[in-house]
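Colleague: Can you keep this structure in mind? I'll have questions shortly.
All of the numbers you see were taken from the coordinates with simple rules; none came from a lab. Keep in mind it's a predicted model, so treat the numbers as computed, not measured. Cβ coordinates were reconstructed from backbone atoms using ideal geometry, including for glycine residues, and neighbour counts include every protein chain displayed.
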Amino acid sequence: MVRQDCGSCHGMRLTGGLGPALTREALADVPLESLAAVIYHGRPGTPMPPWKAMLSEPEARWIAQRLLQGFPEEMAKAP
Ligand code: HEC
């Protein structure tokens, strides 16, 4: 779900597209809380949409956590 819905703007491998990259490296300095907030509320004035219609707050946190950990694919290629 994240890959498809978010991938349309952030790239299929979440390495960026219309939106910025969402890889672990790119987000390393961003606190979990702000990531969850951006996902849940969107970012006003940018194309990043709010997902509160489709996601609950815990789910937004979960996605933020996954992003910080890196997707399984990325973990696989990490040393
Ligand atoms: C309509 C296109 C679009 C879709 C769909 C989209 N995003 Fe975004 N997203 C953006 C844009 C554009 C930005 C950059 C906003 C800005 O300029 O600050 C962004 C920013 C973000 C950020 C903040 C990154 C940072 O470095 O601060 C996160 C986290 C994020 N998106 C997660 C997601 C997730 C998770 C999904 C799927 C549930 C998603 N996005 C779907 C366009 C999109």
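Colleague: Which numbered condition trips up LEU22, out of (1) in contact with a Cys (Cβ under 8 Å, 6 or more places away or on another chain); (2) farther than 20 Å from GLN69 by Cα?
Modeller: Tallying (1) in contact with a Cys (Cβ under 8 Å, 6 or more places away or on another chain); (2) farther than 20 Å from GLN69 by Cα, LEU22 fails exactly one: (2).
Colleague: Restricting to region 26-68, name every residue that is out of contact with any helix residue (DSSP H, G or I) (no Cβ under 6 Å at 6 or more places or on another chain) and among the basic types (Lys, Arg).
Modeller: ARG43, ARG66
Colleague: Follow-up. What are the pairs, 6+ residues apart or on separate chains, where a residue within region 38-51 that is more than 15 Å from LEU22 (Cα to Cα) and basic (Lys, Arg) has its Cβ under 9 Å from a residue that is near the ligand (Cβ under 8 Å from one of its atoms) and not in a loop (DSSP other than H, G, I, E, B)?
Modeller: none
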